[in-house]
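The values are calculated or read from the model by the stated rules, or taken from the named source; none is laboratory data. Please read these numbers as outputs of a predicted model, since none were measured by experiment. Backbone-built Cβ (ideal geometry, glycine too); neighbour counts: all protein chains shown.
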Ligand SMILES: NC(=O)c1ccc[n+]([C@@H]2O[C@H](COP(=O)([O-])OP(=O)(O)OC[C@H]3O[C@@H](n4cnc5c(N)ncnc54)[C@H](O)[C@@H]3O)[C@@H](O)[C@H]2O)c1
């Protein structure tokens, strides 16, 4: 058990990568706060953890809403007493709205940036004071290659994910001497609810696979092992790092 006695918050823990990480963290002995905007999803992850004998708390949270994030961190403290790990994972890709810069609406831009970037910052802002009190912690940003390269026709998502890298590196410098390590995981293309609409078309699905040396799309559980490593003491010298988990997609 690599995370015994640790308390972890996983945002967007109701589906996809967040759900896989929340369940795996609980299997590794962590007590898990599932911070998720959709109640049914968040509850189902917390229930699954509890049924398997783990400890979990679901807190309905919109990560872009400051008061809700503040309350979520306080609820974690009330229930479990401290916070050791934050996984900033909740993000949106508004696939039918996100587009080229001059065609974007301010609403699409604002919703995307507010969830994907402001949300990561707010969750850090309201959990770091508790980590400082305890003398350390690990913050993991789920990033995207989109933020390194900027992909066509998703300008808002690309910008939000670019900001995630800069925020991660800035925070990694700022808190290293406080014992708080900040790192990023960069998943490849995953078969998760985020891509459900696109991958419901077998042709679209098949278009991606030849570009992935592993010969398949990723699945949410592919990301969980790296998230355990970065949360555990095994990664105690890893600070400000960017860790690809993409089946080799970055080679091409
Ligand atoms: N799916 C991919 O191919 C892919 C690739 C690279 C990076 N990523 C990144 O991985 C992370 C997880 O992606 P996923 O594919 O699991 O997504 P997903 O859409 O399958 O799951 C995201 C979860 O976050 C929740 N959520 C959305 N907005 C929220 C909010 N404001 N507050 C709280 N919860 C909210 C959703 O309800 C959902 O349960 C994201 O940061 C995403 O950008 C995904």
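Observations on the model:
- In the set (1) out of contact with any helix residue (DSSP H, G or I) (no Cβ under 7 Å at 6 or more places or on another chain); (2) closer than 17 Å to residue 10 by Cβ; (3) in a loop (DSSP other than H, G, I, E, B), the condition left unmet by residue 131 is number (3).
- Criterion applied to 224, 176 was being closer than 26 Å to residue 2 by Cβ, within 13 Å of the ligand (Cβ to nearest atom) and outside any strand (DSSP E or B), and the one residue passing it is 224.
- Residue 117 passes every criterion in (1) farther than 22 Å from residue 249 by Cβ; (2) modelled with pLDDT under 95 apart from (2).
- Whichever residue in region 42-59 is surrounded by fewer than 20 Cβ atoms within 10 Å (Cβ to Cβ) and closer than 24 Å to residue 116 by Cα and, among such residues, is nearest to the ligand (Cβ to nearest atom): 44
- Counted residues, region 179-211 - those being at pLDDT below 95 and either more than 22 Å from the chain's Cα centre (by Cα) or assigned to a strand (DSSP E or B) (or both): 12
- Each residue in region 60-76 was checked for being within 10 Å of the ligand (Cβ to nearest atom) and either surrounded by fewer than 24 Cβ atoms within 10 Å (Cβ to Cβ) or assigned to a loop (DSSP other than H, G, I, E, B) (or both), and 7 of them qualify.
- Enumeration of residues in region 150-173 that are away from the ligand (no atom under 14 Å from the Cβ) and on the phi < 0 side of the Ramachandran plot: 152, 155, 166, 169, 170, 171, 172, 173
- Region 54-83: number of residues that are over 14 Å from residue 22 (Cα atoms) and either at pLDDT below 95 or touching a strand residue (DSSP E or B) at 6+ places or on another chain (Cβ under 6 Å) (or both): 9
- Pair list, Cβ under 6 Å, 6 or more apart: region 55-70 residue closer than 20 Å to residue 31 by Cα, other residue surrounded by fewer than 16 Cβ atoms within 10 Å (Cβ to Cβ): 56/50; 57/79; 60/39
- On inspection, residue 176 fails the criterion of being crowded, with 17+ Cβ neighbours inside 10 Å, at pLDDT 95 or above and over 17 Å from residue 243 (Cα atoms).
- Residue count, region 125-149 (criterion: within 14 Å of the ligand (Cβ to nearest atom) and either out of contact with any strand residue (DSSP E or B) (no Cβ under 6 Å at 6 or more places or on another chain) or in contact (Cβ under 8 Å) with a residue 60 or more places away in the chain (or both)): 10
- So residue 239, is it farther than 18 Å from residue 95 by Cα, within 11 Å of the ligand (Cβ to nearest atom) and either at pLDDT 95 or above or in a loop (DSSP other than H, G, I, E, B) (or both): no
- Candidate set: region 11-38, residues that are more than 10 Å from the ligand (Cβ to nearest atom) and in a helix (DSSP H, G or I); chosen: the one surrounded by the fewest Cβ atoms within 10 Å (Cβ to Cβ): 27
- Looking across region 77-88, the residues that are farther than 13 Å from residue 129 by Cα and crowded, with 23+ Cβ neighbours inside 10 Å come down to 87, 88.
- Evaluation of residue 8 against (1) touching a strand residue (DSSP E or B) at 6+ places or on another chain (Cβ under 8 Å); (2) away from the ligand (no atom under 11 Å from the Cβ); (3) in a helix (DSSP H, G or I) (one fails), failing number: (3)
- Checking each residue in region 78-117 for being more than 16 Å from the ligand (Cβ to nearest atom), in contact (Cβ under 8 Å) with a residue 12 or more places away in the chain and in a loop (DSSP other than H, G, I, E, B) picks out 81, 82, 83, 84, 99, 100, 104.
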